[in-house]
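Structure record follows, encoded as structure tokens.
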Amino acid sequence: MSDSYLWWRDGVIYQIYPRSFYDSNGDGIGDLPGITARLDYLADLGVDGLWISPIYPSPDVDFGYDVSNYKDIDPKFGSMRDFEDLVAAARQRGMRIILDLVLAHTSDQHPWFVEARQSRENERRDWYIWRDPKPGGGRPNNWESIFGGPAWEFDPLTGQYYYHMFYKQQPDLNWRNPAVRAEMMDVFRFWADKGVSGFRLDVFNNYFKDAQFRDNPPRFGLRGFDRQHHIYDTNQPEMIGVVQQIRRLVDAYPESYVVGETFMNQEWAADYVGEDKLHAAFNFEMLGSPFSARKYFRAIQRWESGLAETAWPNYVLNNHDNPRTATRFGRGERDERLKVAAAMLLTLRGTPFIYYGEEIGMRDIRITRKMIQDPIGKRYWPFHKGRDGCRAPMQWSSDPQAGFTGGTPWLPVHPDYLWRNVERQLADPDSLLNFYKRLIRLRRQTPALQRGMFQALTFDPRSLLAYQRQTSDQTVLVALNFSRRPLRLFLGPATTRGEWALLLSSHRQEPPDLTQGVLPLAGYEVCILAKAG
Ligand code: ISL
Ligand code: CA
């Protein structure tokens, strides 16, 4: 790996859910010209890469994660020209585009599937996973869909079942078919040739299923999907070959990047990352963690030790599938815990991912039955309200609809937008947004925070997470108090020695005196110090 600044390794990546970022034409749905219009905001925030959730033509059963054409832009988001403009305008501001490739399944409206289901002899038939009913009738095996119910859908016209891990409108592709594989490699080329620098691979370790279609063994769990060991319907060894092929392909483009979304067990993620494999794979252990120094510390340790030495970690606290940390950790309108989480995310060894609105502490909207858009919510109400809560419109200002749209937004704006919005927070030096900006700037100016090795200072953290990030000429000390009570961090002689400068703190103006071997921390304090050597 090169020593000079590398955007995806040393920088920060920002996830945009395009329907909800900024609507440029008043139809209530965010779009590509909307993102372009807000690039100055993103450049000012200081991020290096923009991961945009799917923008391809889609019937939107799963809001873009059901693709009906991999090489075009959905008209609701704009045109191919709009996309090219966005890539160029982002590049002018030093930002790269990461596209979301959903290659495990297509929409059932994709022309390939429309053809495939017409007859058993159809040329596209084998592009999907078709099986006969069991002798005597019934589903081919016991595989379940993670979104509920069996993974097999019977298609009466041809008398066979097709397989879908997600909604039945998302039939899985047959990656064992070389034509499918070749077509998908061409999708990478198509977008890379348009200047896209990175790809996020949706559920990549789900491309292959067991060639013999064996039943998953049972295990204890509450609902159908959780009552099986998923050893045959996901994460098959054949995937490593595809990962290597993808890497060879993108390596032909300078500074390209591929991050995989690991489906299911997060300890699998490490296997797919390396110099001839993916640049990164998501490990969602932190994403589900409560606000606990100990839990985060365990997640960091596992991720740091699980990855090969040449592999580069990444960290993520929020995404479009889960309740926001602000909803889970925010206390009323207070953001002090969110500052602690942000400081951790942006000072760890690994690429930080920020989900739009996280930087202003957006809370999930409250969902009523009538307004649900996500089919999971419709199906499992009231036990699971779906994923709409974390996908609400970005809160830009206190103008009507938070300045997101001139029309009626596709999901309601959170009522707190009147005071919780970008405009207000930019003007408030103490806001969460300005805290994110300071942290991002600090990371960019501090090589030890980018590349430095990670060294824990607390070994059984209850409420206090402390670590050093170290290069040959600089040591940065990060101390994070996860509790509302004041705490003391005890430091060894090696740490106490030397002249510490204050890089950033949520509470103090002056560097602390560490000569007594103690760093006192106020409740929820973030303290980041540095010294030479
Ligand atoms: O959303 C989840 C649970 O509520 C996850 O299990 C999710 O299904 C899993 O992380 C895979 O997610 C990705 O693929 C899905 C899509 O619906 C998600 O939005 C996407 O992030 C199918 O393409
Ligand atoms: Ca629009």
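The values are calculated or read from the model by the stated rules, or taken from the named source; none is laboratory data. Computed from a predicted model, the values in this text were never measured in an experiment. All Cβ positions, even for glycine, are placed from backbone atoms using ideal geometry, and neighbour counts span all protein chains on display. Remember, those area values only see protein heavy atoms, side chains included, never the ligands or the DNA or RNA. Shrake-Rupley method; radii C 1.70, N 1.55, O 1.52, S 1.80 Å.
Computed values, structure above
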quantity: Selected residue (only one of LEU480, LEU432 is outside the structural domain of GLY332 (by TED's automatic domain parsing) and within 24 Å of the chain's Cα centre (by Cα)); calculated: LEU480
quantity: Top-ranked residue of segment 338-374 - restricted to ones that are touching a Pro at 6+ places or on another chain (Cβ under 8 Å) and part of a helix (DSSP H, G or I), ranked as surrounded by the fewest Cβ atoms within 10 Å (Cβ to Cβ); calculated: ARG369
quantity: Pick from segment 313-337, criterion among the β-branched types (Val, Ile, Thr) and over 30 Å from LYS277 (Cα atoms), ranking: surrounded by the most Cβ atoms within 10 Å (Cβ to Cβ); calculated: THR325
quantity: Test result for PRO382, over 21 Å from GLY49 (Cβ atoms), touching a helix residue (DSSP H, G or I) at 6+ places or on another chain (Cβ under 7 Å) and open to solvent by 10 Å² or more (accessible area, probe 1.4 Å); calculated: no
quantity: Scope segment 1-19; condition buried (at least 24 other Cβ atoms within 10 Å of the Cβ) and part of a helix (DSSP H, G or I); matching residues; calculated: PRO18, ARG19
quantity: From GLU309, GLU333, residue being under 26 Å from LEU6 (Cα atoms) and either in contact with a strand residue (DSSP E or B) (Cβ under 6 Å, 6 or more places away or on another chain) or among the charged types (D, E, K, R) (or both); calculated: GLU309
quantity: Close pairs from segment 283-307: first over 11 Å from GLY350 (Cβ atoms) and of a type in the set (Gly, Ala, Ser), partner away from ligand 1 (no atom under 16 Å from the Cβ) and open to solvent by 10 Å² or more (accessible area, probe 1.4 Å), Cβ under 7 Å, at least 6 apart; calculated: SER289/LYS295; SER292/PHE482; ALA293/ARG462; ALA293/SER463; ALA293/LEU464; ALA293/PHE482; GLY306/ALA270
quantity: Failed condition for ILE97, given (1) open to solvent by 20 Å² or more (accessible area, probe 1.4 Å); (2) of a type outside the set (Ser, Thr, Tyr); (3) closer than 25 Å to ILE246 by Cα; (4) in contact (Cβ under 8 Å) with a residue 24 or more places away in the chain; calculated: (1)
quantity: Subset of segment 140-183 (residues that are under 15 Å from ASP126 (Cβ atoms), aliphatic (A, V, I, L, M) and touching a strand residue (DSSP E or B) at 6+ places or on another chain (Cβ under 9 Å)); calculated: LEU173, VAL180
quantity: Per-region count, segment 471-501, residues open to solvent by 50 Å² or more (accessible area, probe 1.4 Å), farther than 20 Å from THR347 by Cα and in a loop (DSSP other than H, G, I, E, B); calculated: 6
quantity: Tally, over segment 1-25, of residues that are within 16 Å of ligand 1 (Cβ to nearest atom) and of a type in the set (A, V, I, L, M); calculated: 2
quantity: Lone unmet requirement of (1) within 21 Å of ARG189 (Cα to Cα); (2) surrounded by fewer than 20 Cβ atoms within 10 Å (Cβ to Cβ); (3) within 16 Å of ligand 1 (Cβ to nearest atom) for ALA281; calculated: (2)
quantity: Out of ASN322, ASN314, ASN318, sole residue that is more than 20 Å from GLY361 (Cα to Cα) and within 17 Å of the chain's Cα centre (by Cα); calculated: ASN314
quantity: Filter result (touching a strand residue (DSSP E or B) at 6+ places or on another chain (Cβ under 7 Å) and either of a type outside the set (Ser, Thr, Tyr) or not in a helix (DSSP H, G or I) (or both)) within segment 265-283; calculated: ALA269, VAL273, LEU278, HIS279, ALA280, ALA281, PHE282
quantity: Flag if VAL114 is open to solvent by 20 Å² or more (accessible area, probe 1.4 Å), more than 16 Å from ligand 2 (Cβ to nearest atom) and within 30 Å of PRO375 (Cβ to Cβ); calculated: yes
quantity: Test: ASN318 is polar (S, T, N, Q) and modelled with pLDDT under 95; calculated: no
quantity: Answer from PHE208, PHE199, PHE188 - the residue that is within 19 Å of HIS105 (Cα to Cα), in a loop (DSSP other than H, G, I, E, B) and open to solvent by less than 60 Å² (accessible area, probe 1.4 Å); calculated: PHE208
quantity: Members of segment 162-180 that are touching a Pro at 6+ places or on another chain (Cβ under 6 Å) and under 18 Å from GLN228 (Cβ atoms); calculated: HIS164
quantity: Single unsatisfied condition, GLU304 versus (1) modelled with pLDDT under 95; (2) in a loop (DSSP other than H, G, I, E, B); calculated: (2)
quantity: All positions within segment 20-56 that are within 16 Å of ligand 2 (Cβ to nearest atom) and open to solvent by 20 Å² or more (accessible area, probe 1.4 Å); calculated: TYR22, SER24, ASN25, GLY26, ASP27, ILE29, PRO33, THR36, ALA37, ARG38
quantity: Checking TYR161 against (1) away from ligand 1 (no atom under 16 Å from the Cβ); (2) part of a loop (DSSP other than H, G, I, E, B), the condition it does not meet; calculated: (2)
quantity: Any chance TYR232 is touching a helix residue (DSSP H, G or I) at 6+ places or on another chain (Cβ under 9 Å), modelled with pLDDT of 95 or more and either surrounded by fewer than 20 Cβ atoms within 10 Å (Cβ to Cβ) or of a type in the set (Phe, Trp, Tyr) (or both); calculated: no
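For every residue, the table says whether it meets (1) hydrophobic (A, V, I, L, M, F, W, C); (2) touching a Lys or Arg at 6+ places or on another chain (Cβ under 9 Å); (3) at pLDDT 95 or above.
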{"position": "LEU411", "(1), (2), (3)": "yes, yes, yes"}
{"position": "HIS414", "(1), (2), (3)": "no, yes, yes"}
{"position": "ARG420", "(1), (2), (3)": "no, yes, yes"}
{"position": "PRO429", "(1), (2), (3)": "no, no, yes"}
{"position": "PHE454", "(1), (2), (3)": "yes, yes, yes"}
{"position": "ASP460", "(1), (2), (3)": "no, yes, no"}
{"position": "LEU464", "(1), (2), (3)": "yes, yes, yes"}
{"position": "ALA479", "(1), (2), (3)": "yes, no, yes"}
{"position": "PHE482", "(1), (2), (3)": "yes, yes, yes"}
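Table: residues versus (1) surrounded by fewer than 17 Cβ atoms within 10 Å (Cβ to Cβ); (2) within 16 Å of ligand 1 (Cβ to nearest atom).
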site: PHE225; (1), (2): no, yes
site: VAL243; (1), (2): no, no
site: VAL273; (1), (2): no, no
site: ARG298; (1), (2): yes, no
